[in-house]
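S.K.: Just passing along the structure, written as structure tokens.
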Amino acid sequence: MAAPLFLLAPPRSYTSLMNAMLGQHPQCFGLPELCLFNVDKLFELWVRASDEMGNEAKTRHGLLRAVAEIYAGEQTMDTVRMANHWCAARQHATTAEVYQELVEKVDPLITVEKSPAYTVDIKRMFRIEAAFPDARYIHLTRHPVGQCKSVMSLYDGTFALVVNSIDFLEDRAIVEPQFAWYDLNINILNFLDTIPPERQMRLRGEDVMSDPHAYLGKVCRWMGLRDDLDAIEQMMHPERSPFACFGPMDAIFGNDPNFLSGPTFRPHKVKVPTLDQPVPWRPDRKPLFPKVVELARELGY
Amino acid sequence: MSSNPKQAGTRPKIGPIDGDPVTTHPNLSALSPVQRGLREALLREFMARKAKKFVEKQVQYINANRQVAESLMLLFDEHGQAPGNMPLEDIVEERRQLEYQVKWFEAMLLEMQTRLLRVREIEALALDVLERAPKD
């Protein structure tokens, strides 16, 4: 069974694009966000997680779409219904067993997945490692200002709020996505300390966006995959992935909605902001936290 | 297999709220009562904004029904015929708009029918369980 590849990154760090690009390699299979390792047993994905922020049915969409595509070859309301039955039949299985079954099904293709929710808690990443002791990991990074701005632009910063990325001013609380950027990257770094260097790689998302041929080739060679022009050319078309669009009514998402509505990739130079400017999402116009600046420098910004 | 697994790193986090945020309730013990109140207020404000946006969107869909009726009035006169002097572009545009709205209603109908089926199944199961339950 081919060892899967996992992209580890906070949300809004080019993960959707990278995942779909790598998944388009002729020897790979790009999955939507399965979120399986969020929990131990499959049925727990159907259990309401929190009373505070409402039910998150969307976390199941990726799994349902993946099962529909892998077992039925298409994603329709009927095949999603089949996928629900498939899951119901395995409700007491561990998520590791379910994931292994999917990986075996697409073998010899290498599965590629990113679920930013894995980085919220180090226990989730340990679940991946326990299920796949040979898995490879790419730590994908993005400049804190770019990532935080992007988080705040999606559904009013819901993600930051869900992970309690909140700062307290004198008379009110505000959503402060820097905490999430820092803590999620720290989770990843703490986890990757347990992984041998040959099974991990760090990439700056901005570099891939500006010179995709060079960096995708580098990833291919690291994974022992073909890195010829044809393979790279196929990776330049993430929009060809069966998951690079909205799914059927019962499982619409499974990925970042912005990516689903515009999955085409165009190489572009990303303007990397400085680390000392006032951040636009704070009403008091303060700059990045010193700890955030320190970590950003360590990550190459 | 992994060779020589090491201990996880111990770099500390900086967020003021601890705990597994998505799966369980966060640990708020590090917050003062005032901070807890401010956090509650922020969550409430967020949920209210979300609800407001949802309602606004739903109102748009309801209005679509009225818009369809108005569109039909433009296309047909009292004899059910398109006005003779109506530009072809307008007719094509109206046709496209109507097709789009019909598709939307069909999708909504399908979704509601699916939900209705599910609810019926749940209802039937629940009634079945109640019937079988021993009476005191």
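The numbers here are math on the coordinates, done by the rules we state, and not lab data. Keep in mind that this is a model prediction, so the values were computed, not measured. A quick note on method: Cβ atoms are made from the backbone with ideal geometry, for glycine too, and the neighbour counts reach across all protein chains shown.
S.K.: To make sure I understand, if each residue's beta carbon is the centre and we count other beta carbons within 10 Å, what order do B:28, A:42, A:5 fall in, fewest to most?
M.R.: B:28, A:42, A:5
S.K.: Arranged by the count of other C-beta atoms within 10 angstrom, fewest first, what order do A:132, A:29 take?
M.R.: Placing the least packed residue first, the sequence is A:132, A:29.
S.K.: Normalised by the empirical 2.2 N^0.38 Å for globular proteins, what value does the Cα Rg of the protein assembly as shown take?
M.R.: Working: Rg = 24.6 Å, N = 437, 2.2 N^0.38 = 22.2 Å.
Relative to the rule-of-thumb radius for its length, the protein assembly as shown sits at 1.11.
S.K.: A further question on this structure: Considering amide H positions built from the backbone, and no H for Pro or chain starts, which residues 5 or more places from residue A:137, or on another chain, come under 5 Å of its amide H?
M.R.: Distant-sequence amide H within range of residue A:137: A:6, A:200, A:201.
S.K.: Let me ask something additional. Work out from phi, with θ = phi - 60° and the Karplus expression 6.51 cos²θ - 1.76 cosθ + 1.60, the ³J(HN,Hα) of each residue of the stretch A:11-27, listed in order in whole Hz, and give x for Gly and Pro.
M.R.: Result, ordered by residue: x, 6, 10, 6, 5, 4, 5, 4, 4, 5, 5, 5, x, 7, 4, x, 9 Hz.
S.K.: Among DSSP bridges having both ends in chain A, what percentage is antiparallel? Round to the nearest 5.
M.R.: 25
S.K.: List the pairs from A:149/A:286; A:41/A:123; A:218/B:6; A:41/B:13 whose alpha-carbon separation is above 19 Å, in the order I gave them.
M.R.: A:218/B:6; A:41/B:13
S.K.: Using the 10 angstrom Cβ neighbour count as an exposure proxy, how do A:105, A:271, B:6 rank, fewest first?
M.R.: Listing A:105, A:271, B:6 from fewest to most nearby Cβ atoms yields A:271, B:6, A:105.
S.K.: While we're looking at this one, here's another question. What shape does the stretch A:169-239 take by its C-alpha gyration tensor, where a ≥ b ≥ c are the square roots of the eigenvalues and a/c under 1.5 counts as rounded, a/b above b/c as prolate, and the rest as oblate?
M.R.: Oblate.
S.K.: Something else: Farthest toward the dipole's positive end in the protein assembly as shown, which of A:251, B:51, A:72, given Cβ charges of +1 (Lys, Arg) and -1 (Asp, Glu) about the Cα centre?
M.R.: Looking along the dipole axis, the top candidate is B:51.
S.K.: Short version: what are the Cα gyration tensor semi-axes of the stretch A:232-301, square root of 5 times each eigenvalue, largest first, in whole Å?
M.R.: 34, 18, 11
S.K.: Spelling out what I want: for every residue of the stretch A:116-131, take phi, set θ = phi - 60°, compute 6.51 cos²θ - 1.76 cosθ + 1.60 (Karplus), and round to whole Hz; glycine and proline get x.
M.R.: Whole-Hz 3J(HN,Hα) from phi for the stretch A:116-131: x, 4, 4, 7, 5, 9, 4, 4, 5, 6, 5, 5, 4, 5, 5, 6.
S.K.: How big is the gap, in Å, between the Cα center of the stretch A:150-221 and the Cα center of the stretch A:21-41?
M.R.: 18
S.K.: Another question, if that's okay. Inside 10 Å of the C-beta atoms of A:148-159, what's the mean count of C-beta atoms belonging to other chains?
M.R.: Working: counts 0, 0, 0, 0, 0, 0, 0, 3, 4, 1, 2, 1.
Mean shielding by partner chains, rounded to a whole number: 1.
S.K.: Which distance in nm do the two modelled labels at residue B:124 and residue B:54 give, with both placed 7 Å along the Cα-to-Cβ direction?
M.R.: That separation, rounded to one decimal, is 2.9 nm.
S.K.: How big is the charge dipole of the protein assembly as shown about its Cα centre, in debye rounded to the nearest 20, if each Lys and Arg gets +1 on its Cβ and each Asp and Glu gets -1 on its Cβ?
M.R.: Approximately 1140 debye in magnitude.
S.K.: Residue A:265's amide H: which non-local residues (gap 5+, or another chain) put their own amide H closer than 5 Å, with H modeled 1.01 Å from N in plane and none for Pro or chain starts?
M.R.: Placed amide hydrogens put A:239 under 5 Å from residue A:265.
S.K.: For residue A:111, which sequence-distant residues (separation of 5 or more, or a different chain) have an amide H within less than 5 Å of its own amide H, given hydrogens modelled in the peptide plane?
M.R.: A:5, A:29
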